[in-house]
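A.B. asks: Dropping a structure here in structure tokens format, bear with me for questions.
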Amino acid sequence: MPINQASLKRGECGFSYIMLMIAIVIMGVAMSVAARQWKTMVQRELEADLLAKGIEIQNALALYSTSIKAGRVMPGEVYPPTLADLTRLPKPFLRKVYLDPVGHGEWELVRAPTGGIMGVRSKSKSRPIKQHNFPLAVRHFDGKPTHYDWVFQYPNPSMAALAPPVTQPLPATPGQPTAPGGTMSPSSPSSPTDATPPPATPPVATP
């Protein structure tokens, strides 16, 4: 009888050990899934912050160039030598110089051929979660393989697509002058209605 009780106790201990191991495995799997979900959520928030700050810098570069070009005759864009120049009074175009939210440091600056900063990009080479449905200002980011390929610059392909088409006036018909707006002048002496001869008067019979 004592032997049977000892065997029963050993069986109970073995069963408890197996249940404990199963519980540990289940907890490990649950923690792993939760960790992946947490990492995904954090990355989505960082990518949203990257887009918001990058587009704000891109817009500031556009405003800076437009403002500086207003008093110049030379064509071409004008870019600031540093990002800090976008924040200077009396006409700041950027609230502050932001850091790269994904790369956790300074931006990589995109230099224009003529000098100055024409854009910024993250130093992160990781693959973004977001692949589609970008804001209109950076719609060309669709399908980019890394955060490094998200270049916030002025000008860019998305801005060119948003620009209104330039319409050309219709050519004037030979012999017909055009009004200042490019339309035909209805009171022109060369108008076809003025060139029509008056109807002929029938001859009067003599007695």
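The values are calculated or read from the model by the stated rules, or taken from the named source; none is laboratory data. All values derive from a computational prediction rather than experimental measurement. Glycine gets a Cβ as well: all are built from the backbone with ideal geometry, and neighbour counts include every protein chain shown.
A.B. asks: Filter region 113-127 for residues that are aliphatic (A, V, I, L, M) and either within 21 Å of Val42 (Cβ to Cβ) or more than 19 Å from the chain's Cα centre (by Cα) (or both) and give the result.
C.D. replies: Within region 113-127, no residue meets the criteria.
A.B. asks: Out of the residues in region 109-136 that are more than 14 Å from Leu61 (Cβ to Cβ) and small (Gly, Ala, Ser), which is surrounded by the most Cβ atoms within 10 Å (Cβ to Cβ)?
C.D. replies: Ser122
A.B. asks: Could I ask something else about it? Kindly list, by first and then second residue, each pair from a residue in region 137-153 that is surrounded by fewer than 16 Cβ atoms within 10 Å (Cβ to Cβ) and modelled with pLDDT of 95 or more to a residue that is hydrophobic (A, V, I, L, M, F, W, C) and part of a loop (DSSP other than H, G, I, E, B), limited to pairs with Cβ atoms under 9 Å and residues at least 6 apart or on different chains.
C.D. replies: Every condition considered, the pairs that remain are Asp142/Phe134.
A.B. asks: Taking Ala52 as the residue in question, decide whether it is surrounded by fewer than 17 Cβ atoms within 10 Å (Cβ to Cβ) and over 17 Å from Glu108 (Cα atoms).
C.D. replies: no
A.B. asks: Oh, and also: Among the residues in region 86-108, are any assigned to a helix (DSSP H, G or I), surrounded by 13 or more Cβ atoms within 10 Å (Cβ to Cβ), modelled with pLDDT of 95 or more and on the phi < 0 side of the Ramachandran plot?
C.D. replies: yes
A.B. asks: Tell me whether region 117-125 contains one or more residues that are assigned to a loop (DSSP other than H, G, I, E, B), polar (S, T, N, Q) and either free of Cβ contacts under 8 Å to residues at least 60 places away in the same chain or more than 21 Å from Tyr154 (Cα to Cα) (or both).
C.D. replies: yes
Results for (1) among the small types (Gly, Ala, Ser); (2) modelled with pLDDT under 85, shown as yes or no for each residue.
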| site | (1), (2) |
| --- | --- |
| Asn4 | no, yes |
| Ile26 | no, no |
| Val29 | no, no |
| Ala35 | yes, no |
| Trp38 | no, no |
| Ala48 | yes, no |
| Ile55 | no, no |
| Val78 | no, no |
